[in-house]
Amino acid sequence: MALYDLVAPRLEERGDPRYRIADIRAADPLGADALLAALPGMNDRGDAAALTVALRALVPERELAAGWSVIDALAAMRDLGILLGSLKRHGIQPTAAVPEVLPILELLGRRTDMVPRDTVHHYTTWNPTGPRQRMYTGDAMEARLQDAVRMSFPGLVSALDSCARLATLEPYDPGFAVALDRIAHHVQSIVDAIDFTVAHVSPEYFALTLRPYFEEVEVAGREYLGPAAAQVPLWLVDLTLWQCDRSDPAYDAFLAESVEYSLPSWRAFHARHAGGISAVSKLSAAVSWESGHRLPPQLAASALALGRVLKILKTFRARHIGIARKAYAEDVRLYEEGSGGAPVALLRSILDLTRDNDTLVRRAAQGASGAPGHGVHASTRRGGVR
């Protein structure tokens, strides 16, 4: 049984139709199952004419689409979107080739309160599994990459609940360490997911075969990114742990673009917490007020728990960089940047920021064992960690 199968019922209880994953996967409002089963063959042949005909065949009547539920609208965007990416991979701007799809994309974007094209969630979490699975290539490695993102989704959703709780607490509160331990438990799924990716997806396959399908597509005069791992909200965990007041301009700019591709509730989460005080800053300030040689037990527990979460984030980011370096090596790559718009250099910068914050917390945590020099003065202004 997959992690999704264990956690999904709890997600569906939240009331947001975007969490009714089984229902979205089951939906086929365009009647696209048979046509999309043939999509990998069209892509393998580079048959742009057939892809154009396929997209035109799936464009629904506007009146019909206007009456769809959010669930059907998400499924329709999923199925139109995989044809958008396929056409663009073969050098065709889809909204130019099939202009009647443009108003439908805009309508579906408004109906779902998301960008007017498919995202990583359409391509993975909301994508059927088994015989109905939508894929560009049909390769087993593509299916495994989709599975890896599915593995991380429930854990990250649950982690955001604990992050919201954490933001209301101070390091002396017993719940501060408890919330951090829950976050650590949930974000471990991203490490499991990237290990699964390393084991089942070669960098060469991603770089040379799959990456070209994730190119930007023009919708109403604007370019929208294709499905990208950057659209999975690990950066929202960063936000409450350290990023809201200890970031740098490059990461801020990257996040400003990534937020747009997320679910409405995640955008609201970002808006609520973007101007807050991070867990790292709160802990640093609390430690700086302590004058003894040993931290109070609850503060020590908070420091150790925060360190455990940051260690998991460091592990994920180090492994992610390892994959990215291989996929975007000069002798392999077709593109300078990842599908989410981030160069490898930015991934390195984010890892360095995570390490800087982890170092600060570890120094604070030395007080848990009575080590000297545990007091660390907080710098809660933006850019306080370098």
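Any idea which of (1) within 25 Å of LEU346 (Cα to Cα); (2) hydrophobic (A, V, I, L, M, F, W, C); (3) touching a helix residue (DSSP H, G or I) at 6+ places or on another chain (Cβ under 6 Å) is the one ALA167 doesn't satisfy?
(1)
Which of (1) in contact with an Asp or Glu (Cβ under 9 Å, 6 or more places away or on another chain); (2) without any contact (Cβ under 8 Å) to a residue 40 or more places away in the chain; (3) of a type in the set (Gly, Ala, Ser); (4) assigned to a helix (DSSP H, G or I) does SER265 not meet, given it meets every other one?
(2)
Out of the residues in the stretch 58-72 that are among the small types (Gly, Ala, Ser) and open to solvent by 30 Å² or more (accessible area, probe 1.4 Å), which is nearest to LEU210 (Cα to Cα)?
The selected residue is SER69.
Conditions first: (1) assigned to a helix (DSSP H, G or I); (2) at pLDDT 95 or above. GLY31 passes all but one, so which condition is the exception?
So GLY31 meets the others, but not (1).
In the set VAL187, VAL191, which member is of a type in the set (A, V, I, L, M) and touching a Leu at 6+ places or on another chain (Cβ under 8 Å)?
VAL187
Filter the stretch 48-57 for residues that are in contact (Cβ under 8 Å) with a residue 12 or more places away in the chain and not β-branched (Val, Ile, Thr); which is most open to solvent (accessible area, probe 1.4 Å)?
In this case the residue turns out to be ARG56.
If the requirement is being in a loop (DSSP other than H, G, I, E, B) and farther than 30 Å from ALA285 by Cα, which of these qualifies: PRO171, PRO154, PRO128, PRO103?
Among PRO171, PRO154, PRO128, PRO103, only PRO128 is in a loop (DSSP other than H, G, I, E, B) and farther than 30 Å from ALA285 by Cα.
How many residues does the stretch 261-311 contain that are among the charged types (D, E, K, R) and more than 22 Å from the chain's Cα centre (by Cα)?
Residues flagged as among the charged types (D, E, K, R) and more than 22 Å from the chain's Cα centre (by Cα) within the stretch 261-311 amount to 3.
The values are calculated or read from the model by the stated rules, or taken from the named source; none is laboratory data. The shown structure was predicted, so the numbers you read here are calculated from the model rather than taken from an experiment. Cβ atoms come from the backbone with ideal geometry, glycine included; neighbour counts cover every protein chain shown. The area values use the complete protein model at the heavy-atom level, side chains included, leaving out ligands, DNA and RNA. Shrake-Rupley method; radii C 1.70, N 1.55, O 1.52, S 1.80 Å.
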